[in-house]
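What follows is a set of notes on a single structure, which appears directly below.
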Amino acid sequence: MAEATVKRISGRGRFISFEGGEGSGKSTQIKTLAERLSAAKLRAIVTREPGGSPGAEIIRHLVLSGMGKLLGPDAETLLFAAARDDHVHTVIEPALKQGIWVLCDRFSDSTRVYQGSVGQVAPAVLNAMQRVTIGDLKPDLTVILDVPVEVGMQRAAARRGAGAPDRFEAEDIRFHQELRDAYRQIAAAEPQRCVLIDATAEPGMVAAKIWSALRDRFFATGAGNLASSA
Ligand code: TYD
């Protein structure tokens, strides 16, 4: 993409979240997309949830160690919400305001799926927390990477090697199947915001599909120009 074209962009950055079950390949794809945006002379940051800011990283440690689970589902959800609140206000919003694109490994759909659909935390509780933490902030695009549960769990096991599974990796196969179903439902319910991508394909192919989703939404057709909505 020509630098001259890119220079025409002004205003807010784009907010892109990546979602999917364990071992769906999010980190690889986020890295590839960040490199691609940078090659197009777009400023982008990569961040993650839970975590992404110093305060939220402390909470991440608590949650993934299983401490949050001991407090019960509502309190564990509050921990995710507290982490998100800090992350949104100290990292995500300031970046978007400066015109920086934000690529976030998991965001509010993770709460809807892990704590809501699968964890059975009541919608009223989730909605209240969402109002407080993110208000009207929504990703401009959510990439949902979809892999069969067995494939995802094998990949996650290979990645951690001899290490112990974390709080969520340790859940049984039914839990992971429910996660996958819940993500697919979100993708079907919100096709404008979400794109569901078969992530069993080789990484280059998955990256091409992600880039094509960005092009459709954010760049004008033709020579890869950025859409005037920027
Ligand atoms: P992480 O190691 O980042 O997992 P992954 O590589 O699969 O993204 O751990 C984050 C875990 O936290 C993951 O299992 C999903 C879970 N999670 C929730 O349950 N609720 C949330 O709101 C978020 C952001 C994550």
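Can you tell me what percent of all Cα-Cα pairs in the range 9-218 are more than 26 Å apart?
When all Cα pairs of the range 9-218 are counted, 31 percent exceed 26 Å.
Taking 0.36 nm per residue of sequence separation and subtracting the Cα-Cα distance, how much length would be gained by fully extending the chain between Ala208 and Ser65, in nm to one decimal?
Going from the current span to full extension adds 48.0 nm.
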Carbon and sulfur atoms account, in whole percent of the 1.4 Å probe accessible area of the chain, for 55 percent
HN-Hα couplings for the range 36-43 via Karplus (6.51, -1.76, 1.60; θ = phi - 60°), in whole Hz with x for Gly/Pro, come out as 5, 5, 5, 5, 8, 6, 9, 7
accessible surface per residue for the chain, probe 1.4 Å, DNA/RNA/ligands not counted, whole Å² -> 49 Å²
Rg/Rh of the range 1-118 (Cα atoms, Kirkwood Rh), to two decimals, equals 1.04
Set Lys26/Lys97; Lys31/Lys69; Lys31/Lys209, cut-off 23 Å on Cα-Cα distance; pairs above it are Lys26/Lys97; Lys31/Lys69
For Phe218 the rounded accessible area (nearest 10 Å², probe 1.4 Å, non-protein molecules ignored) is 10 Å²
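If you rank Glu93, Glu49 by how much accessible surface each has, with a 1.4 Å probe, what is the order from largest down?
On the way: Glu93 40, Glu49 15 Å².
The ordering from most to least exposed comes out as Glu93, Glu49.
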Residues whose modelled amide H sits under 5 Å from the amide H of Ala44, counting only those 5 or more places away in sequence or on another chain, are Trp101
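Could you check what % of the DSSP bridge pairs in the chain are antiparallel, to the nearest 5? Can you show the working numbers first?
On the way: 1 of 20 bridges.
Taking every DSSP beta bridge with both residues in the chain, the antiparallel ones total about 5 percent.
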In this structure, the FRET efficiency calculated for Glu57 and Arg193 from their beta-carbon separation, with R0 = 41 Å, to the nearest 0.05, is 0.95
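The values are calculated or read from the model by the stated rules, or taken from the named source; none is laboratory data. Note that the coordinates shown come from a computational prediction; the quantities given were computed from them, not determined experimentally. Note that each Cβ is placed from the backbone with ideal geometry, even for glycine, and that neighbours are counted across all protein chains shown. For the accessible areas, the whole protein counts, side chains as well, though only heavy atoms, and no ligand, DNA or RNA atoms are used. Shrake-Rupley method; radii C 1.70, N 1.55, O 1.52, S 1.80 Å.
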